[in-house]
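Please treat every number below as a calculation from the coordinates, not as lab data. Predicted model only: the values in this text are computed from it and were never measured. When we count neighbours, we look across all protein chains shown, and the Cβ atoms used for this are built from the backbone with ideal geometry, even at glycine.
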Amino acid sequence: MADLIVAETGGVHRPRNVDWKRASALLYGDWGTSKAYVIGLAFVAAGFASLPIIIAVCVLTALVAYNYIIVCRHFPDGGGVYSAARQQSRFLASVGALLLVANFIVTAALSGWAAVSYLGVPDQYARVATIALILMVGIINYFGPRHSGSVSIWLALPTVLVVIAIIALSAGYLNTAHLEPRHANLGHTWVAFVGVILALSGVEAVANLTGVMKLDPDSSPSNPKVTGTATKAILPVAIEVVFGTALLGWAMLSLSKGFSGDLMAHKEDMLRFLGEHYAGLSFGPSVGHIFGIIVGGVFGLLLFSAVNTAIVALIGVVYMMAQDGEMPRELARLNRHGVPKFLLVAAVAVPIVVLIATKDFEGLAGLYAIGVVGAIAVNLGSCTFNKSLGLPWYQRLSMGFTFVVLCGVEVTVAKTKPEALFFAVCVLGVGLGLRAYSHKRSGLTTMTVTRRVAEMVSPDLVATMQPRFEEGQKIMVAARGITPVLSFALDEAQLRKATLCVLYVKEIAVYFSGAPATVGRARWQDDPEAQAIMSTTMRLGEERGVCVLPVYAVSEDATSTILDLSATMGVDYLIIGASQRNALAKLLRSSVATEVAQQLPDSIRLVIFG
Amino acid sequence: MAELILESGVHRPRNVDWKRAAALLYGDWGTSKAYVVGLAFLAAGFSSLPIILAVCALTGLVGINYAVICRYFPDGGGVYSAARSQARLLAVVGALLLVADLTVTAALSGWAALSYFSVPLLKEHIVLATVMVLVVMGSINYFGPKHSGTFAVALALPTAIVVILLIGFSVPHLTFRYLEPTHESYKQLWVQFVGVILALSGVEAIANLTGVMKLDPGSTPERPKVARESAKAIWPVAIEVVLGTALLGWAMLSMNPNETVHGANGTHTIRQVLALRSEDTLRFLGEHFGSLAGGSFVGLSLGWVVGIVFFLLLLSAANTAIVAMIGLLYMMARDQEMPLQFMALNRHGVPRIPLLISVTLPVAVIIATANFTALAGLYAIGVVGAITVNLGSCCFNRSLPVRWYDRSLFGLTFAILFVVELTLARTKPDALFFVVCVLLVGLGVRSLTQHRAGFKTMVVSKQVAQMVSPDMVSMLKPHLEEGQKIMVAARGVTPVLTFALEEAQLRRAVLCVLYVKEISVFHGGATLGRSRWEDDPEASAVMALMNQLGAQRDVSVVPVYAVSEDPAATILDLSATLGVDHLIIGASQRHALANLLRGNVATEVAAQLPESIRLMIFG
């Protein structure tokens, strides 16, 4: 799935070839697995009083699904936590993405453990078998995720059939005779509920996919809409997960209390046990045994594919951050099969470390929710408080409500599961540390400025604005920064109704004129300093009705380039200047001003401003 | 102390000498022994000496680091200042960690104070009593910290005397006989050591104080140095704390664990009593060794003296923490990292909301924990985190001219404290949860503040960051308002006059045409003002033409004539005197312009013209 999440290259459209069926199957590959361990964990938490907890988890899943349908509607070009939170702040986006990373690490380990349990590996070998399985997934992914990625899609249908079969087999035995009222107070029930929340992250993957989803019939690539596709992808899966989990939970709790020991023992492969039991009741023990093997095989494979999906998604999220400069660029280095090699090693090694560090399946499950709930809370919170999103009030209310509930869940997880909090803090600490290191290495810095300044600096606001040529004079200003000379040049251009050519000469000490990187190919958009000057001047020019023409040159001799371009472009005025008065004095003492003054054609008037 | 941390650009009087600074530091560090030895005993019983010594060693190491920091940050070197040079976010994180620390310091010191006072009624309802104490302190601070702030200073000497007395009484009984080997593995020992680290935050206050410390002899306000002054403040306190804690710890472990003593709660062995009285161990030491030296009356009296002195010192430490938290929140608000409402003062000049927060937070923490050991467990994560951020910022700040051995020292201490912080986070879940809550709430409030104040945080390249100055918006505002004045310095009828006229017409400005008659010898006694342009044929040609052209173009032309031996100085004088907005100088021809640029006039004018007047050199 990594390849589907990665590209956030603004402007460039990737082919929209994911239809609702494929998106749905991908979602099912994560959400569908939840029932494989949710009901078992619910039984561990509250025994025969666990039905309200299972139903509450189903309701939360439905609520999250509804919200993500809205998210997909408003983010047709990708609406995962990173994209949604990035509109608020890059830092928040990184925090959201790192929480997702924490989730994928645990998902890989947990799904692996559950997979080997369903495939019948005894408990004492489960940890070693899971490590071997994760290593295997890593080796397969070394050659690229192309083939492994579609396994979950093939497995979706058999899994649904198996779920329907178990429900059908248990339908005749459903009863409420063994249900117990809640044993503990509401506070404890809430904690138990929080402990059972698992496998919500698939919906994040679907939100990320909207950028490559097939468009709704009434929309166009320039005005994309994927509401219909996303709804069709999410809704059936949500219904299956909600009703499937609730009914299977009920089926589990319809067994008599004499099965308590068995249920506890099979908490990790509860569905296999249920399948075996109810098929045995209907068709005899041998059929039950065979059906149990089928259930185990299907869920084992589905969970195996969930391990793969988690590892690929983990690589994808970090790769996307590296592409965006939020992680060291070295992490994005690919092997010859196009897989980021360092990330692949990390994506395999970290879940293995987590497996070694945790004691058992419950310990592993305890680490899960803090990441995914945090990421979803960041996503929904970002949407709720994003005023530019144009959400109707009821959608904003729904998102706000879900955000508050998930915040409550997150705080409870943090308070009641110290290992989970420590794990999340470690992932965030390491991730933000790498982010700071990567910013430092790529010469990026974080600054807090007023919104007006931020808008001026933002390059994409006006970068697409085309220059408007008018008859009249041309003024060229040679800029070396955002200095008062730019303001003066704008004044002049406004007053004289002239076209303003903003010239930025990138001075390089050594210039290979014969090399392929010729002057003509240099783009101001690729030079951050030039970009800031050009964007600012273009924006101000637009505000003041001045036609601004960016002129960018790379040269080893600034003076001759200024002279050349002034003459070539036939400007009427050439304005040069300095940022400060002492800099102007230096400019005047330097050879640049005198050389320009000497060599500039007489027809071009020179203004030295400071 | 709050107001001492605040200012950045403006110089405040440097009136804190090393003695006062040392006393302020002692108000926090000095209290540490009041509960460190007790907590160490709870952690490891009669095998706790290595832990106590390790805590003393860490305290000494931190002391050395901060003495160096004070040398490099003579204008304030707390975590907020040091980390701000790396990133604003990091500075706020450091400050919030300090808030977490001060919250617990206030609560813990209040609790320990009442324990030392040892009034049964107060001890029975210690949670409520501590809450009441904090509320009373908040009420006192409502009227300003002027009087309460000097309390710690006044108490430093009696406390030091009491510590010396305690050590003096215990010296004859010091022995290694009852020490037990460590019961645990090294890993457990490390965890126990980490659990006993307390009361390091005073050193942060000293680092903050460097901006108001008296300067070292030989340094100036422009090039301040407080290395000696701060070293004199830190060293005696660090030595007292290190040696005092070690000796008192040894004294505690020199008591016979199996000896029985009779107390208000019955008869217990020393081992049991030390566990029961872990909150006022020093008082018990005073009672015990006092009795051994001069009978029960002396013991009881010494116990009361120790109890009262430490009660007052700990109360003042709680007060200092409250005042410091108010200062920290106020400073962040001034820096627009916290809501501006945090700066609203009451009529006594105290920030209302920070005062409320600095009382409410410790009260909430006391109610939530309701246990001294649990409260102590919350302490270290904040202060160790803040000191780690400070030392890490100094270590990795390449622009700080730190010598290699100082940088190595910072790096080593940073690494140790980082591991301590990780251990705390791993072994004290409540502390981690508490500090995460403080950070999340703090960063949430910061984000809301910046949103409301119209600020945006953006990631840009360093070059762009250098270009984007805070006054960029005003700098790029159009300067096209009517009523501007343009002055053109003319030396003949040249194109620069046409340009100046165009400018004046377009900008609807008044055009001052300046003609400077340059003379080689000028008699100062002669009357500059009396010279008339009408008497100078060249000048009158220029002026007449400009008057005529001005009338045609509806531009108001003001002739300005001067006789001078220094044209550049005259141009500068008149530009400033007339308050022009633009000064235009030029040359008749291109080669003349080149000469002008090579000459002195243009460069002198460019160098000396006030920044508010814009200069255009035309050619």
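For B:R352 and B:L292 in one chain, what is 0.36 nm times their gap in residues minus the Cα-Cα distance, to one decimal in nm?
Details: separation 60, 0.36 × 60 = 21.60 nm, distance 5.10 nm.
Computed gain between B:R352 and B:L292 is 16.5 nm.
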(request) Mind sorting B:R553, B:R491, B:R177 by how few other Cβ atoms lie within 10 Å of their own Cβ, fewest first? (result) B:R177, B:R553, B:R491
(message) Can you compute the helix-only [θ] at 222 nm over chain B? Use -39500 (n - 2.57) per DSSP H run of at least 4 residues, normalise by all residues, nearest 500 deg cm²/dmol.
(response) -21500 deg cm²/dmol
(message) How compact is the range B:213-278 by the rule of thumb for globular proteins, expressed as Cα Rg over 2.2 N^0.38 Å?
(response) 2.06
(request) Estimate the FRET efficiency between B:A368 and B:S85 by the formula 1/(1 + (r/R0)^6), using the beta-carbon distance for r and 30 Å for R0, to the nearest 0.05. (result) 0.25
(request) Output the Cα-based Rg and Dmax of the range B:99-202 in Å, rounding Rg to one decimal and Dmax to a whole number. (result) 18.3, 53
(request) Indicate the gyration tensor shape class of the range B:240-306 (rounded, prolate or oblate), computed on the Cα atoms with a ≥ b ≥ c the square roots of the eigenvalues: a/c under 1.5 is rounded; otherwise a/b larger than b/c is prolate and the rest oblate. (result) oblate
(request) Working from the alpha-carbon coordinates of chain A, get Rg over Rh, Rh being the Kirkwood radius. (result) 1.11
(request) Mean Kyte-Doolittle of at least 1.6 plus a Cα span of 27 Å or more along the axis: flag which DSSP H helices in chain A meet both, please. (result) A:51-74, A:151-171, A:285-323
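Round to the nearest 0.05 the FRET efficiency obtained for A:M136 and A:D526 when R0 = 56 Å and r is the Cβ-Cβ distance.
0.85
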(request) Please give the contour-minus-distance gain from A:L235 to A:S282: 0.36 nm per residue of separation, less the Cα-Cα distance, rounded to one decimal in nm. (result) 13.7 nm
(message) Sort A:222-230, B:361-369, B:325-333, B:384-392 by packing, meaning the average of other beta carbons within 10 Å per residue, with the highest value first.
(response) B:384-392, B:325-333, B:361-369, A:222-230
(message) If R₀ is 30 angstrom, what is the calculated FRET efficiency for the pair A:W154 and A:V430, using the beta carbon separation as r and rounding to 0.05?
(response) 0.25
(request) Could you give me the percent of Cα pairs per 5 Å distance bin for the range A:67-205, shortest bin first, beginning at zero and ending with the bin that holds the maximum distance? (result) 2, 7, 9, 12, 16, 18, 16, 11, 7, 3, 1
(message) Largest first, please: the extent of the C-alpha atoms of the range A:252-327 along each principal axis, to the nearest Å.
(response) 59, 24, 16
(request) Would you mind computing the Rg to Rh ratio of the range A:145-261 from its alpha-carbon coordinates, Kirkwood style for Rh? (result) 1.09
(request) Taking the convex hull of the Cα atoms, report for the range B:268-330 its projected area averaged over all directions, in nm². (result) 5.0
(message) Please compute, for peptide A:421-429, the average count of beta-carbon atoms on other protein chains lying within 10 Å of each residue's beta-carbon.
(response) 3
(request) Rounded to whole Å and sorted largest first, list the principal axis extents of the Cα atoms in the range B:282-372. (result) 60, 29, 20
(request) Can you pull a Stokes-Einstein diffusion coefficient for the protein assembly as shown at 10 °C (1.306 mPa s), Rh from Kirkwood over Cα pairs, as a whole number of µm²/s? (result) 45
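Using the Kirkwood radius built from alpha carbon pairs, what does the Stokes-Einstein equation give as D for the range A:294-437 at 10 °C and 1.306 mPa s, in µm² per second? Provide the component values of the computation, followed by the final result.
Working: Rh = 17.6 Å.
Answer from the Stokes-Einstein relation: 90 µm²/s.
For a footprinting-style exposure proxy, rank B:H125, B:H262, B:H582 by other Cβ within 10 Å, fewest first.
On the way: B:H125 13, B:H262 9, B:H582 23.
In order of increasing Cβ crowding within 10 Å: B:H262, B:H125, B:H582.
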(request) State, to one decimal in nm, how far the label point of A:F143 lies from the label point of B:Q548, with both points 7 Å from Cα in the Cβ direction. (result) 9.4
(request) Measure off 7 Å from each Cα along the Cα-to-Cβ vector at B:R398 and B:E611, then give the distance between these two points in nanometres to one decimal. (result) 2.8
(request) Taking every pair of alpha-carbon atoms in chain B, give the share separated by more than 44 Å as a whole percent. (result) 40
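Once Rh is set to the Kirkwood radius over Cα pairs, what Stokes-Einstein translational diffusion coefficient, in µm²/s, holds for the range B:1-138 at a temperature of 37 °C and a viscosity of 0.692 mPa s?
Estimated via Stokes-Einstein, D reaches 183 µm²/s.
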(message) From the helices alone, meaning DSSP H stretches of at least four residues, give me the mean residue ellipticity at 222 nm for chain A, per-run term -39500 (n - 2.57), in deg cm²/dmol to the nearest 500.
(response) -21500 deg cm²/dmol
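Under the definition of partner shielding as Cβ atoms of other protein chains within 10 Å of a residue Cβ, what is the mean value for peptide A:595-601?
Counting Cβ atoms of other protein chains within 10 Å of each residue's Cβ and averaging gives 5.
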(request) Starting from the Cα of B:R223, step 7 Å along the direction of its Cβ; do the same at B:R177; then give the gap between the two resulting points in nm. (result) 6.2
(request) Would you mind classifying the range A:7-133 by shape? Square roots of the alpha carbon gyration tensor eigenvalues, ordered a ≥ b ≥ c; an a/c under 1.5 is rounded, otherwise it is prolate if a/b is larger than b/c and oblate if not. (result) prolate
(message) I need two numbers for the range A:372-442: Rg to one decimal and Dmax as a whole number, Cα atoms only, in Å.
(response) 15.5, 45
(request) Determine the percent antiparallel among the DSSP beta bridges restricted to chain A, to the nearest 5. (result) 10
(request) Any chance you could list the semi-axes, whole Å, largest first, of the equivalent ellipsoid that the Cα gyration tensor gives for the range B:187-338, using √(5λ)? (result) 40, 19, 16
(request) Largest first and in whole Å, give the semi-axes of the range A:176-238's equivalent ellipsoid, each being the square root of 5 times a Cα gyration tensor eigenvalue. (result) 41, 13, 9
(message) Taking the square root of 5 times each eigenvalue of the Cα gyration tensor, what semi-axes in Å does the equivalent ellipsoid of the range A:337-403 have, largest first?
(response) 35, 19, 7
(message) Within 10 Å of each Cβ in A:477-488, how many Cβ atoms from other chains are there, averaged over the peptide?
(response) 3
(message) In whole Hz and in residue order, list the ³J(HN,Hα) couplings for the range B:355-369 that follow from phi through the Karplus curve 6.51 cos²θ - 1.76 cosθ + 1.60, θ = phi - 60°; x for Gly and Pro.
(response) 4, 4, 5, 6, 9, 5, 4, x, 4, 4, 5, 4, 5, 5, 8
(request) Amide H neighbours of B:V558 under 5 Å, at least 5 residues apart or on other chains, H built in the peptide plane: list them. (result) B:L511, B:C512, B:V513
